[in-house]
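Step one of this worksheet: look at the structure below.
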Amino acid sequence: MVNQPQKYQVIIVGGGLAGLTSGLHLSNHGISVLLIEKNTYPNHKVCGEYVSNEVLNYLNWLGVDPLAHGAIPIRKFQISTHDGATTETDLPLGGFGMSRYALDLMLFEKVKDQMDVVFDQVEQILFENDEFTIRTNSKSHYKAEFVIGAFGKRSNLDVHLKREFIQNRSSWLAVKAHYEYEFPEELVTLHNFEGGYCGLSKVETGAVNACYLVQYKAFKEHSGITDFQNSVMIRNPHLAAFFKEAKPLFDRPLSIAQVSFQSKNPIDNHVFMVGDSAGLIHPLCGNGMAMAMHGAKLISEILVKAFKDASKNRNSLELAYSKAWRETFGSRLYYGRMLQRLLLSNSLSHWGVQLVKNFPALIPKLISKTHGSTF
Ligand SMILES: Cc1cc2nc3c(=O)[nH]c(=O)nc-3n(C[C@H](O)[C@H](O)[C@H](O)COP(=O)(O)OP(=O)(O)OC[C@H]3O[C@@H](n4cnc5c(N)ncnc54)[C@H](O)[C@@H]3O)c2cc1C
(Lines give C-alpha, C1' and ligand atoms only; values in the text may rest on other atoms or scores of the structure.)
Protein backbone atom coordinates (compact mmCIF):
# COMPACT_ATOMS: atom_id res chain seq x y z
CA MET A 1 0.00 0.00 0.00
CA VAL A 2 1.31 3.46 -0.94
CA ASN A 3 1.55 5.90 2.02
CA GLN A 4 -0.69 8.93 1.53
CA PRO A 5 1.11 12.22 2.24
CA GLN A 6 -0.06 14.10 5.31
CA LYS A 7 -2.53 16.84 4.42
CA TYR A 8 -2.11 20.25 6.09
CA GLN A 9 -4.60 23.09 6.19
CA VAL A 10 -1.87 25.45 5.01
CA ILE A 11 1.59 24.91 3.52
CA ILE A 12 3.95 27.87 3.52
CA VAL A 13 6.72 27.78 0.94
CA GLY A 14 9.70 29.87 2.07
CA GLY A 15 10.79 30.66 5.60
CA GLY A 16 11.91 34.28 5.37
CA LEU A 17 10.05 37.02 7.24
CA ALA A 18 6.75 36.59 5.37
CA GLY A 19 6.76 32.79 5.79
CA LEU A 20 7.85 32.75 9.42
CA THR A 21 5.36 35.38 10.57
CA SER A 22 2.39 33.91 8.69
CA GLY A 23 3.32 30.50 10.14
CA LEU A 24 3.27 31.90 13.68
CA HIS A 25 0.00 33.75 13.11
CA LEU A 26 -1.84 30.75 11.66
CA SER A 27 -0.54 28.21 14.16
CA ASN A 28 -1.46 30.60 17.03
CA HIS A 29 -5.04 30.04 15.85
CA GLY A 30 -4.74 26.27 15.82
CA ILE A 31 -4.40 25.92 12.04
CA SER A 32 -2.20 23.01 10.94
CA VAL A 33 0.79 24.44 9.08
CA LEU A 34 3.81 23.01 7.32
CA LEU A 35 6.65 25.41 6.54
CA ILE A 36 9.14 24.37 3.86
CA GLU A 37 12.42 26.30 3.64
CA LYS A 38 15.39 25.39 1.46
CA ASN A 39 18.13 26.77 3.77
CA THR A 40 18.83 26.12 7.43
CA TYR A 41 19.01 28.92 10.03
CA PRO A 42 20.78 31.17 10.77
CA ASN A 43 22.24 32.75 7.68
CA HIS A 44 23.06 36.20 6.37
CA LYS A 45 20.87 37.72 3.67
CA VAL A 46 21.43 40.68 1.37
CA CYS A 47 19.32 43.33 3.10
CA GLY A 48 19.67 46.86 4.51
CA GLU A 49 18.56 45.51 7.93
CA TYR A 50 16.65 48.64 8.89
CA VAL A 51 13.17 47.56 10.04
CA SER A 52 10.32 50.06 10.36
CA ASN A 53 8.69 50.25 13.82
CA GLU A 54 5.40 49.50 12.06
CA VAL A 55 6.07 45.84 12.83
CA LEU A 56 6.74 46.06 16.58
CA ASN A 57 3.18 45.57 17.85
CA TYR A 58 2.61 42.66 15.48
CA LEU A 59 5.89 40.96 16.42
CA ASN A 60 5.07 41.37 20.11
CA TRP A 61 1.63 39.89 19.47
CA LEU A 62 3.30 36.93 17.76
CA GLY A 63 5.40 36.49 20.91
CA VAL A 64 8.78 37.91 19.87
CA ASP A 65 10.53 41.12 20.84
CA PRO A 66 13.44 42.28 18.66
CA LEU A 67 14.50 44.93 21.19
CA ALA A 68 14.93 42.22 23.83
CA HIS A 69 17.20 40.47 21.30
CA GLY A 70 19.46 43.52 21.05
CA ALA A 71 17.89 45.36 18.07
CA ILE A 72 19.11 48.95 17.95
CA PRO A 73 16.50 51.75 17.92
CA ILE A 74 16.98 54.11 14.96
CA ARG A 75 15.38 57.57 14.91
CA LYS A 76 17.32 59.68 12.45
CA PHE A 77 17.80 59.59 8.72
CA GLN A 78 20.53 61.21 6.64
CA ILE A 79 20.69 61.34 2.88
CA SER A 80 23.58 62.49 0.68
CA THR A 81 23.91 63.25 -3.04
CA HIS A 82 26.68 61.87 -5.31
CA ASP A 83 29.01 64.69 -4.24
CA GLY A 84 28.22 64.31 -0.54
CA ALA A 85 25.78 67.19 0.09
CA THR A 86 23.64 65.98 3.00
CA THR A 87 20.46 66.63 4.84
CA GLU A 88 19.23 64.94 8.02
CA THR A 89 15.84 64.54 9.64
CA ASP A 90 13.99 62.64 12.36
CA LEU A 91 12.17 59.56 11.10
CA PRO A 92 8.39 59.89 11.53
CA LEU A 93 7.87 56.45 13.07
CA GLY A 94 11.46 55.28 13.42
CA GLY A 95 12.72 51.75 13.27
CA PHE A 96 15.41 49.38 14.49
CA GLY A 97 18.58 47.78 13.21
CA MET A 98 18.80 43.99 13.39
CA SER A 99 20.68 41.59 11.13
CA ARG A 100 18.64 39.09 9.13
CA TYR A 101 20.88 36.47 10.72
CA ALA A 102 19.38 37.32 14.12
CA LEU A 103 15.87 38.41 13.07
CA ASP A 104 15.01 35.29 11.05
CA LEU A 105 16.59 33.08 13.72
CA MET A 106 14.56 34.75 16.49
CA LEU A 107 11.35 33.96 14.58
CA PHE A 108 12.45 30.46 13.60
CA GLU A 109 13.18 29.56 17.25
CA LYS A 110 9.50 30.13 17.96
CA VAL A 111 8.23 28.62 14.71
CA LYS A 112 9.95 25.27 15.25
CA ASP A 113 7.99 24.71 18.48
CA GLN A 114 4.65 25.54 16.89
CA MET A 115 4.51 23.76 13.52
CA ASP A 116 6.12 21.21 11.25
CA VAL A 117 9.17 22.50 9.40
CA VAL A 118 10.93 20.75 6.52
CA PHE A 119 14.26 21.85 5.06
CA ASP A 120 13.98 21.11 1.36
CA GLN A 121 13.62 22.97 -1.91
CA VAL A 122 10.12 23.03 -3.33
CA GLU A 123 10.18 22.21 -7.05
CA GLN A 124 6.48 22.12 -7.92
CA ILE A 125 3.22 23.49 -6.58
CA LEU A 126 0.36 21.66 -8.29
CA PHE A 127 -3.31 22.58 -7.91
CA GLU A 128 -5.84 19.91 -8.84
CA ASN A 129 -9.32 18.95 -7.60
CA ASP A 130 -9.35 21.90 -5.21
CA GLU A 131 -6.22 20.83 -3.33
CA PHE A 132 -2.49 21.41 -3.59
CA THR A 133 0.32 18.90 -3.97
CA ILE A 134 3.81 20.15 -3.26
CA ARG A 135 6.82 18.27 -4.61
CA THR A 136 10.31 18.87 -3.31
CA ASN A 137 13.86 18.32 -4.47
CA SER A 138 14.20 15.24 -2.23
CA LYS A 139 11.16 13.68 -3.98
CA SER A 140 8.87 14.17 -0.97
CA HIS A 141 5.34 15.36 -1.49
CA TYR A 142 2.84 17.09 0.76
CA LYS A 143 -0.80 18.10 0.42
CA ALA A 144 -2.66 21.20 1.58
CA GLU A 145 -5.93 23.07 1.29
CA PHE A 146 -4.13 26.40 0.85
CA VAL A 147 -0.60 27.41 -0.08
CA ILE A 148 1.17 30.62 0.86
CA GLY A 149 4.02 31.53 -1.50
CA ALA A 150 6.62 33.30 0.61
CA PHE A 151 9.62 32.35 -1.51
CA GLY A 152 11.11 35.82 -1.89
CA LYS A 153 12.00 38.07 -4.76
CA ARG A 154 13.33 35.44 -7.19
CA SER A 155 12.95 31.68 -6.95
CA ASN A 156 12.95 28.55 -9.08
CA LEU A 157 9.19 28.57 -8.38
CA ASP A 158 8.69 31.78 -10.36
CA VAL A 159 9.92 29.83 -13.40
CA HIS A 160 7.81 26.79 -12.54
CA LEU A 161 4.68 28.96 -12.10
CA LYS A 162 5.52 30.82 -15.35
CA ARG A 163 5.26 34.19 -13.62
CA GLU A 164 5.48 37.07 -16.03
CA PHE A 165 8.21 39.13 -14.36
CA ILE A 166 10.72 36.26 -14.51
CA GLN A 167 10.73 36.39 -18.34
CA ASN A 168 12.48 39.79 -18.22
CA ARG A 169 16.06 40.43 -17.17
CA SER A 170 16.55 42.89 -14.33
CA SER A 171 19.38 45.40 -14.30
CA TRP A 172 19.91 45.54 -10.53
CA LEU A 173 22.64 44.01 -8.41
CA ALA A 174 22.86 44.18 -4.59
CA VAL A 175 25.85 43.83 -2.24
CA LYS A 176 26.00 43.66 1.55
CA ALA A 177 28.58 43.15 4.31
CA HIS A 178 29.10 43.96 7.97
CA TYR A 179 31.95 46.21 9.14
CA GLU A 180 33.53 47.47 12.34
CA TYR A 181 33.21 51.26 12.15
CA GLU A 182 32.48 54.23 14.43
CA PHE A 183 28.89 55.11 13.61
CA PRO A 184 26.02 56.73 15.55
CA GLU A 185 23.58 54.12 16.89
CA GLU A 186 20.34 55.91 16.14
CA LEU A 187 21.12 56.82 12.52
CA VAL A 188 20.38 55.26 9.15
CA THR A 189 22.06 56.88 6.14
CA LEU A 190 21.46 56.63 2.42
CA HIS A 191 24.40 57.72 0.29
CA ASN A 192 23.98 58.12 -3.45
CA PHE A 193 26.64 57.33 -6.00
CA GLU A 194 26.58 57.01 -9.76
CA GLY A 195 24.32 54.11 -10.66
CA GLY A 196 23.02 53.34 -7.18
CA TYR A 197 22.82 54.04 -3.46
CA CYS A 198 24.24 52.58 -0.25
CA GLY A 199 22.59 52.34 3.17
CA LEU A 200 24.54 52.27 6.43
CA SER A 201 23.13 51.46 9.86
CA LYS A 202 24.05 49.48 12.94
CA VAL A 203 22.79 46.02 13.83
CA GLU A 204 22.48 44.19 17.16
CA THR A 205 26.13 43.04 17.18
CA GLY A 206 27.38 46.65 17.04
CA ALA A 207 28.57 46.09 13.47
CA VAL A 208 27.62 48.51 10.70
CA ASN A 209 25.70 46.94 7.84
CA ALA A 210 26.60 48.43 4.46
CA CYS A 211 24.18 47.39 1.75
CA TYR A 212 24.03 48.86 -1.73
CA LEU A 213 22.02 48.49 -4.87
CA VAL A 214 23.61 49.30 -8.20
CA GLN A 215 22.63 49.12 -11.83
CA TYR A 216 24.51 46.38 -13.61
CA LYS A 217 25.53 48.65 -16.47
CA ALA A 218 27.41 50.93 -14.02
CA PHE A 219 28.99 47.95 -12.24
CA LYS A 220 30.11 45.85 -15.20
CA GLU A 221 32.75 48.36 -16.32
CA HIS A 222 34.74 47.43 -13.19
CA SER A 223 36.64 44.30 -12.31
CA GLY A 224 34.59 43.44 -9.22
CA ILE A 225 33.15 44.68 -5.96
CA THR A 226 36.35 46.18 -4.50
CA ASP A 227 37.23 47.93 -7.75
CA PHE A 228 33.72 49.35 -8.03
CA GLN A 229 33.74 50.59 -4.43
CA ASN A 230 37.19 52.17 -4.83
CA SER A 231 36.53 53.77 -8.21
CA VAL A 232 32.90 54.87 -8.14
CA MET A 233 31.39 54.78 -4.67
CA ILE A 234 34.23 56.71 -3.04
CA ARG A 235 33.40 59.76 -5.17
CA ASN A 236 30.81 60.35 -2.46
CA PRO A 237 32.99 61.62 0.45
CA HIS A 238 30.83 59.81 3.06
CA LEU A 239 31.45 56.49 1.33
CA ALA A 240 35.13 57.39 0.81
CA ALA A 241 35.51 57.83 4.58
CA PHE A 242 33.58 54.62 5.23
CA PHE A 243 35.53 52.35 2.88
CA LYS A 244 38.84 53.87 4.02
CA GLU A 245 38.27 53.29 7.73
CA ALA A 246 35.76 50.44 8.06
CA LYS A 247 37.10 46.96 8.88
CA PRO A 248 35.26 44.17 7.00
CA LEU A 249 33.80 41.47 9.24
CA PHE A 250 32.80 39.07 6.44
CA ASP A 251 35.37 37.08 4.44
CA ARG A 252 33.77 38.63 1.37
CA PRO A 253 30.59 40.64 0.75
CA LEU A 254 27.39 38.80 -0.17
CA SER A 255 25.88 39.73 -3.51
CA ILE A 256 22.76 38.95 -5.53
CA ALA A 257 21.96 39.75 -9.14
CA GLN A 258 18.70 40.17 -11.03
CA VAL A 259 16.87 42.09 -8.30
CA SER A 260 13.52 42.84 -9.97
CA PHE A 261 11.07 45.58 -9.07
CA GLN A 262 8.50 44.64 -11.67
CA SER A 263 4.87 44.26 -10.68
CA LYS A 264 3.73 40.78 -9.69
CA ASN A 265 0.35 39.29 -8.88
CA PRO A 266 -0.59 38.69 -5.24
CA ILE A 267 -2.25 35.43 -6.41
CA ASP A 268 -0.81 33.06 -9.02
CA ASN A 269 -2.10 29.55 -9.69
CA HIS A 270 -4.30 29.94 -6.54
CA VAL A 271 -1.19 30.48 -4.39
CA PHE A 272 -1.42 33.46 -2.00
CA MET A 273 1.80 35.38 -2.59
CA VAL A 274 3.22 37.23 0.42
CA GLY A 275 6.29 39.44 0.93
CA ASP A 276 8.67 39.82 -2.00
CA SER A 277 6.86 37.00 -3.86
CA ALA A 278 3.98 39.46 -4.19
CA GLY A 279 6.11 42.52 -4.98
CA LEU A 280 9.37 44.14 -3.92
CA ILE A 281 9.45 47.80 -2.93
CA HIS A 282 12.63 49.74 -3.73
CA PRO A 283 15.00 49.13 -0.80
CA LEU A 284 15.71 52.85 -0.35
CA CYS A 285 12.24 53.04 1.26
CA GLY A 286 13.35 50.67 4.04
CA ASN A 287 9.89 49.10 4.11
CA GLY A 288 10.17 45.68 2.42
CA MET A 289 10.46 43.75 5.67
CA ALA A 290 7.48 45.55 7.21
CA MET A 291 5.48 44.84 4.04
CA ALA A 292 6.44 41.16 4.19
CA MET A 293 5.15 40.90 7.77
CA HIS A 294 2.08 43.04 7.12
CA GLY A 295 1.20 40.90 4.09
CA ALA A 296 1.57 37.83 6.31
CA LYS A 297 -0.92 39.36 8.72
CA LEU A 298 -3.41 40.16 5.92
CA ILE A 299 -3.49 36.63 4.50
CA SER A 300 -3.42 34.99 7.94
CA GLU A 301 -6.45 36.98 9.08
CA ILE A 302 -8.35 36.01 5.93
CA LEU A 303 -7.51 32.31 6.35
CA VAL A 304 -8.17 32.26 10.11
CA LYS A 305 -11.64 33.70 9.49
CA ALA A 306 -12.28 31.25 6.65
CA PHE A 307 -11.43 28.23 8.83
CA LYS A 308 -13.37 29.61 11.80
CA ASP A 309 -16.54 30.30 9.79
CA ALA A 310 -16.05 27.23 7.57
CA SER A 311 -16.55 29.60 4.61
CA LYS A 312 -13.69 28.58 2.37
CA ASN A 313 -14.92 29.68 -1.03
CA ARG A 314 -11.60 29.93 -2.82
CA ASN A 315 -12.70 32.55 -5.29
CA SER A 316 -13.98 34.91 -2.57
CA LEU A 317 -10.85 34.45 -0.47
CA GLU A 318 -8.62 35.19 -3.44
CA LEU A 319 -10.60 38.33 -4.29
CA ALA A 320 -10.49 39.47 -0.66
CA TYR A 321 -6.71 39.01 -0.43
CA SER A 322 -5.96 40.70 -3.79
CA LYS A 323 -8.09 43.66 -2.79
CA ALA A 324 -6.53 43.97 0.67
CA TRP A 325 -3.01 43.62 -0.76
CA ARG A 326 -3.47 46.30 -3.42
CA GLU A 327 -5.20 48.70 -1.01
CA THR A 328 -2.47 48.29 1.58
CA PHE A 329 0.64 48.29 -0.61
CA GLY A 330 -0.26 49.66 -4.08
CA SER A 331 0.55 53.30 -3.41
CA ARG A 332 3.72 52.47 -1.41
CA LEU A 333 5.13 50.63 -4.41
CA TYR A 334 4.18 53.52 -6.69
CA TYR A 335 5.90 56.15 -4.51
CA GLY A 336 8.90 53.84 -4.05
CA ARG A 337 9.35 53.79 -7.85
CA MET A 338 9.07 57.60 -8.03
CA LEU A 339 11.64 58.11 -5.26
CA GLN A 340 14.05 55.66 -6.86
CA ARG A 341 13.85 57.58 -10.14
CA LEU A 342 14.46 60.85 -8.34
CA LEU A 343 17.48 59.58 -6.46
CA LEU A 344 19.14 57.94 -9.42
CA SER A 345 19.20 61.11 -11.41
CA ASN A 346 22.18 63.12 -10.18
CA SER A 347 20.69 66.51 -11.02
CA LEU A 348 17.25 65.64 -9.65
CA SER A 349 18.62 64.18 -6.43
CA HIS A 350 20.84 67.25 -5.94
CA TRP A 351 17.87 69.49 -6.53
CA GLY A 352 15.76 67.27 -4.24
CA VAL A 353 18.27 67.44 -1.38
CA GLN A 354 18.48 71.24 -1.72
CA LEU A 355 14.69 71.43 -1.67
CA VAL A 356 14.33 69.34 1.48
CA LYS A 357 17.17 71.31 3.11
CA ASN A 358 15.03 74.41 2.69
CA PHE A 359 11.80 72.60 3.59
CA PRO A 360 12.87 69.86 6.04
CA ALA A 361 9.27 68.85 6.76
CA LEU A 362 9.13 67.37 3.24
CA ILE A 363 11.27 64.31 4.09
CA PRO A 364 8.96 62.84 6.75
CA LYS A 365 6.07 63.42 4.31
CA LEU A 366 7.89 61.57 1.52
CA ILE A 367 8.90 58.76 3.87
CA SER A 368 5.35 58.29 5.10
CA LYS A 369 4.18 57.84 1.47
CA THR A 370 6.30 54.68 1.26
CA HIS A 371 5.47 53.42 4.77
CA GLY A 372 2.33 52.37 6.57
CA SER A 373 1.38 52.85 10.19
CA THR A 374 1.61 50.38 13.04
CA PHE A 375 -0.47 47.31 12.20
C1 LIG B 1 19.54 45.37 -1.44
C2 LIG B 1 18.32 45.27 -0.59
C3 LIG B 1 18.25 46.00 0.59
C4 LIG B 1 17.08 45.94 1.38
N5 LIG B 1 17.04 46.67 2.53
C6 LIG B 1 15.90 46.67 3.28
C7 LIG B 1 15.82 47.42 4.49
O8 LIG B 1 16.77 48.05 4.95
N9 LIG B 1 14.63 47.41 5.17
C10 LIG B 1 13.54 46.69 4.73
O11 LIG B 1 12.51 46.72 5.40
N12 LIG B 1 13.62 45.93 3.62
C13 LIG B 1 14.76 45.90 2.88
N14 LIG B 1 14.84 45.12 1.77
C15 LIG B 1 13.69 44.27 1.40
C16 LIG B 1 13.64 43.02 2.28
O17 LIG B 1 14.89 42.37 2.29
C18 LIG B 1 12.59 42.07 1.73
O19 LIG B 1 11.43 42.79 1.43
C20 LIG B 1 12.26 40.95 2.73
O21 LIG B 1 13.38 40.14 2.90
C22 LIG B 1 11.11 40.11 2.22
O23 LIG B 1 10.94 38.96 3.00
P24 LIG B 1 10.35 37.63 2.34
O25 LIG B 1 10.00 36.73 3.46
O26 LIG B 1 9.31 37.99 1.34
O27 LIG B 1 11.56 37.04 1.49
P28 LIG B 1 12.93 36.38 1.97
O29 LIG B 1 13.35 36.91 3.26
O30 LIG B 1 13.84 36.49 0.80
O31 LIG B 1 12.54 34.85 2.20
C32 LIG B 1 12.24 33.97 1.15
C33 LIG B 1 12.65 32.59 1.59
O34 LIG B 1 12.16 31.63 0.65
C35 LIG B 1 13.12 30.59 0.53
N36 LIG B 1 12.88 29.90 -0.75
C37 LIG B 1 12.98 30.41 -2.01
N38 LIG B 1 12.65 29.48 -2.92
C39 LIG B 1 12.34 28.36 -2.22
C40 LIG B 1 11.93 27.05 -2.61
N41 LIG B 1 11.76 26.72 -3.88
N42 LIG B 1 11.70 26.14 -1.64
C43 LIG B 1 11.85 26.46 -0.33
N44 LIG B 1 12.25 27.69 0.09
C45 LIG B 1 12.48 28.62 -0.84
C46 LIG B 1 14.45 31.32 0.61
O47 LIG B 1 15.51 30.47 0.98
C48 LIG B 1 14.15 32.39 1.65
O49 LIG B 1 14.53 32.00 2.96
C50 LIG B 1 15.99 45.13 0.97
C51 LIG B 1 16.08 44.38 -0.21
C52 LIG B 1 17.22 44.45 -0.99
C53 LIG B 1 17.29 43.65 -2.25
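What does the net charge come to around Phe119 if you take all other residues with beta carbon closer than 12 Å to its beta carbon, with K and R at +1 and D and E at -1? The partial results should precede the final answer.
Values: positive: Lys38, Lys112; negative: Glu37, Asp116, Asp120.
So the surrounding residues net to -1.
Here the Kirkwood formula, the inverse mean of 1/r across different C-alpha pairs, assigns segment 278-375 a hydrodynamic radius of 15.4 Å. Taking every protein chain into account, the 1.4 Å probe leaves Met338 with about 70 Å² of accessible area, to the nearest ten. Segment 253-290 and segment 104-152 have Cα centres lying 19 Å from one another.
Which value in deg cm²/dmol, rounded to the nearest 500, describes the helix-derived mean residue ellipticity at 222 nm for the chain, given -39,500 (n - 2.57) per DSSP H run of n ≥ 4 and division by the residue count?
On the way: 11 runs with 133 residues, N = 375.
Value at 222 nm, helices only: -11000 deg cm²/dmol.
Our estimate of slack between Lys162 and Glu186, defined as 0.36 nm per intervening residue step minus the Cα-Cα distance, is 4.3 nm. 3J(HN,Hα) along segment 86-98, derived from phi through the Karplus expression 6.51 cos²θ - 1.76 cosθ + 1.60 where θ = phi - 60°, amounts to 10, 9, 9, 8, 6, 7, x, 10, x, x, 8, x, 8 Hz, with x in place of Gly and Pro.
Counted by Cβ distance under 13 Å from Leu190, the other residues give a net charge of 0, where Lys and Arg count +1 and Asp and Glu count -1.
Over the C-alpha atoms of the chain, the Rg to Rh ratio, Rh being the Kirkwood estimate, stands at 0.98. Listed by chain and number, the aspartates and glutamates whose C-alpha is less than 19 Å from the C-alpha of Lys112, apart from same-chain residues fewer than 8 away, are Glu37, Asp65, Asp104, Asp120.
Which entries of Lys76/Lys176; Lys153/Lys305; Lys38/Lys264; Lys153/Lys365 show an alpha-carbon separation above 26 angstrom in the structure shown? Intermediate results must be reported in sequence, preceding the final value.
Values: Lys76/Lys176 21 Å; Lys153/Lys305 28 Å; Lys38/Lys264 22 Å; Lys153/Lys365 28 Å.
From the list (Lys76/Lys176; Lys153/Lys305; Lys38/Lys264; Lys153/Lys365), the Cα-Cα distance tops 26 Å for Lys153/Lys305; Lys153/Lys365.
What the Cβ-Cβ distance of Lys220 and Met338 gives, at R0 = 41 Å and to the nearest 0.05, is a FRET efficiency of 0.95. Between segment 198-246 and segment 15-92, the C-alpha centres lie 23 angstrom from each other.
Other residues lying with their Cβ under 12 Å from the Cβ of Tyr179 contribute a combined charge of +1, Lys and Arg counting +1, Asp and Glu -1.
Across the chain, the relative contact order, built from alpha-carbon pairs under 8 Å that are at least six residues apart, equals 22 percent. The modelled label-to-label distance for the pair Glu301/Asp120, using points 7 Å beyond Cα in the direction of Cβ, is 3.4 nm.
Determine how many Å³ per residue the convex hull of the Cα atoms of segment 195-323 encloses.
On the way: hull volume 18.7 nm³, N = 129.
Considering the Cα atoms of segment 195-323, their hull volume per residue is 145 Å³.
For Glu123, the amide hydrogen comes within under 5 Å of the amide hydrogens of Arg135, Thr136, Asn137, counting only partners 5 or more places away or on other chains and with H modelled in the peptide plane.
In the calculated pair distance distribution of segment 43-105, what percentage of Cα-Cα distances lie above 14 Å? Value for segment 43-105: 63 percent of Cα pairs lie more than 14 Å apart.
Projecting the alpha carbon convex hull of segment 211-259 along each direction and taking the average yields 3.7 nm².
The values are calculated or read from the model by the stated rules, or taken from the named source; none is laboratory data. In this text the structure is predicted, and so the values were computed from the model without any measurement. Please note: Cβ atoms are built from the backbone with ideal geometry, for glycine as well, and neighbour counts cover all protein chains shown. Protein only, heavy atoms only, side chains kept; ligands, DNA and RNA dropped before computing areas. Shrake-Rupley method; radii C 1.70, N 1.55, O 1.52, S 1.80 Å.
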